[in-house]
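Q: Take this structure, written in structure tokens, and hold onto it; I'll ask about it next.
What follows is calculated from the coordinates using simple rules that are stated; it is not laboratory data. Just so you know, these numbers come straight off a predicted model, no measurement behind them. Every residue, glycine as well, gets a Cβ built from its backbone with ideal geometry; the counts of neighbours run over all protein chains shown.
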Amino acid sequence: MKEQLRQAIQTALKQCYSDGTLDSGERPGEIQLEIPKNADHGDFSTNLAMMLAKPERKPPRKIAEALVAALEGNPLCDKIEIAGPGFINFRLAATCWYEVLDRVVEQGSTYGRSDVGHGTKIQVEFVSANPTGPLHIGHGRGAVVGDAVAAVLQAAGFEVQREYYINDAGNQIQTLGRSILLRLRELQGEKIDFPEDGYQAPYVTELAAQYRAEHDELIGVAEEEAIERCARFGIKEILKWIEADLKDFGIEFDNWYSEKSLYDRDMVDQELKKLADKGLSFEQDDALWLRTTEFGDDKDRVLIKSDGSYTYFASDVAYHMEKFDRGFDRVIDVWGADHHGYIPRMKAMLSGLGHAPEDLEVLLIQMVNLLRDGKPYIMGKRSGNFITLKDVVGEVGRDACRFFFLMRRCDSQLDFDLELAKQQSSDNPVYYVQYAHARVCSINRNAAEAGIVLPEKGKIDYSCLELADELALVKQLARYPETVVNAALNYEPHRVIFYLQDLAAQFHSYYNRHRVLVDDTATSLARLYLVNSVRIVLANALSLLGLSAPDRM
RNA sequence: GCGCCAGUAGCUCAGUUGGAUAGAGCAACGGACUUCUAAUCCGUAGGCCGAGGGUUCGAAUCCUUCCUGGCGCGCCA
């Protein structure tokens, strides 16, 4: 709809240039078309005349008049007005709008999908929590946002892979292995002085008990080997928990990528060598450094420590280089905001390799403050005093939890009060939206009972839909595809949530004001057609975000 | 000290990428169930968009200086 209008304006503009009405020769960039906040200002509005005022050195209203004259008689528009300082306001013909309903019905579950991505390959890496313990609520937010970003990108025609990066190499894995081993010895009757820096949480003891039940008892096995076996066992089991918890939350990955496998395949050395060959790294104080300061970082960074071991950064660099080797055009990382200090060095590394800065997009997920009854709930992995994601999903529910995380832009902090979320669950916004869907389903059941069959595409009398409420609903439906595209291009899935709330509100209002099934059959059929279009779009948007669309509530 | 994010109604947040009179939800107050599901709707009230300066036809939005809150600034992971 919007694009058709844009085309028409483009044509009018060309005409003005060719007949000399406009003569600066300076062409504007993209024509900006927006939906005015105030409905009196029409369906669409453009500031084109004001943009041209300067290069043309003519008053904006004069330019607007020329453009309007060139648009005269266009079948798309009912009314074109010049307003304010030089806005051109368009009111589209009602028949154009009703075609949207046919489009929704025809496309069904694919309505809202587009191809603006042209199959560009994007990888979204998210969660990537260390496999040293269960997921907590902060991971949950990153998980939902990452999943939803991937989903809107897919809907907009990008080719998307969801990946989880497993940090299964490094010190924290040693710590996990040692912690399990010590608990195991404790279970075997040894008296153990459990270290401060070990993982103290009860699940470590559970893992030890499970290990004891499934394997031999590691008596007489060398310390280092014993730790290694415990660590591998722990990672394997914990990853099972993580995968299961995510699945219960509606999140599945296309690929689980192991950090350790980078070392096993000698990828880290290979990628570091490429950097060295390009002169991007240097040796100093027995360590190997990456020259990130040349590309905007405030400090050079160590890749290999003076003791010969690799930093976490080294494997991260290799990992990201390898992502592009795998053929992705763009890479998105979803990180906790506390890692933001890492961005400059990662971008510096990529610039050094000739990538554009926007090839890597890092989405920072701000902290989730977990509260219970308004009081902060302090969590620490070691203390064992934490509520897992699984607990929260079980307590609040999957839909409510996902909805809550998607309601805000990810770069603002979020208070999550467990009691509040539970207590409010009856008037939680997610139910508001789902209720709209259930209501249409209910109308459908009543219609079926009365022997009224939902009309096929285009088989209704549009003149029955003359209420302002009805036209407004149709216009809202028309906006859905554009909403998805904007959510994708800006990595902002919350736009879809707000769209859903707006659509549901309009529907509820309409429902309360007018009956769908009335005495006049033609009107009933037309309205049934309309509300089912609403239902399709609600269902599409809900499913896009991994939310259910219940038939009854 | 330096950097990143935020500051919009009493509370929680949107704000279509610089547009016209800044919007929702909750909380408050007043109404609507004999009618397709009241988990709903209608109405009232609520604002110096953290503060100052700048850019222009036009700023919550852009630039700048401050203020407040959160988070970072390792040869840790």
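Q: Take the alpha-carbon centre of the stretch A:186-216, take the same for the stretch A:108-178, and report the distance between them in whole Å.
A: Going from one Cα centre to the other spans 32 Å.
Q: So, one more: What order do you get for A:274-284, A:542-552, A:495-505 when each peptide is scored by the mean count of other beta carbon atoms within 10 Å, highest first?
A: Most protected by this proxy first, the peptides run A:495-505, A:542-552, A:274-284.
Q: How big, on average over all directions, is the shadow cast by the Cα convex hull of the stretch A:71-208, in nm²?
A: Its average projected convex-hull area is 16.4 nm².
Q: Each label point is 7 Å from the Cα along the Cα-to-Cβ direction; what then is the distance between the points at A:Q10 and A:M407, in nm?
A: 4.1 nm
Q: Still on this model: Compute the separation of the alpha-carbon centres of the stretch A:340-377 and the stretch A:450-517 and state it in Å as a whole number.
A: 36 Å
Q: How large is the dipole of chain A about the Cα centre if only Lys and Arg carry +1 and Asp and Glu carry -1, each at its Cβ, rounded to the nearest 20 debye?
A: 1460 debye
Q: Which three extents, in whole angstrom, do the alpha-carbon atoms of the stretch A:353-501 cover along their principal axes, largest first?
A: Cα spread of the stretch A:353-501 along its principal axes, largest to smallest: 66, 50, 24 Å.
Q: For the stretch A:428-544, take every pair of Cα atoms, bin their distances at 5 Å starting from 0, and report each bin as a whole percent.
A: Values per bin, smallest distances first: 2, 11, 22, 23, 19, 12, 6, 3, 1, 0.
Q: Also: When all C-alpha to C-alpha distances in the stretch A:2-92 are sorted into bins of 5 Å, what percent of pairs does each bin hold, rounded to whole numbers?
A: Bins of 5 Å from zero give 3, 15, 28, 29, 18, 7, 1 percent of pairs.
Q: Working from Cα positions, state the angle (0 to 90°, nearest 10) between the long axis of helix A:94-107 and the longest principal axis of chain A.
A: 40 degrees
Q: Using only the Cα atoms of chain A, each taken as one equal point scatterer with no solvent, compute I(q) by the Debye sum, divide by I(0), and report log10 of the ratio at q = 0.06, 0.08, 0.09, 0.10 Å⁻¹.
A: -0.43, -0.71, -0.85, -0.99
Q: Just to confirm the number: angle between the C-alpha axis of helix A:171-187 and the first principal axis of chain A, 0 to 90 degrees, nearest 10?
A: 60 degrees
Q: Using the Cα centre as the reference, give the magnitude of the dipole from point charges on the C-beta atoms of the stretch A:393-449 (Lys, Arg: +1; Asp, Glu: -1; all else neutral), rounded to the nearest 20 debye.
A: The calculation lands at about 260 debye.
Q: Taking the Cα centre as origin and putting +1 on Lys and Arg beta-carbons and -1 on Asp and Glu beta-carbons, what dipole magnitude results for the stretch A:79-153, to the nearest 20 debye?
A: So the dipole magnitude of the stretch A:79-153 works out to roughly 140 debye.
Q: So, one more: Can you find, among A:L477, A:C441, A:Y511, the residue farthest towards the positive end of the dipole of the stretch A:428-544? Put +1 on the C-beta of Lys and Arg, -1 on that of Asp and Glu.
A: Most positive-ward Cα: A:C441.
Q: Please give the direction-averaged projected area of the C-alpha convex hull for the stretch A:196-262, in square nanometres with one decimal.
A: In nm², the orientation-averaged hull projection of the stretch A:196-262 is 6.5.
Q: Between the helical axis of A:343-352 and the dominant principal axis of chain A, each derived from Cα atoms, what acute angle in degrees is found, rounded to the nearest 10?
A: That helix lies at roughly 80 degrees to the long axis.
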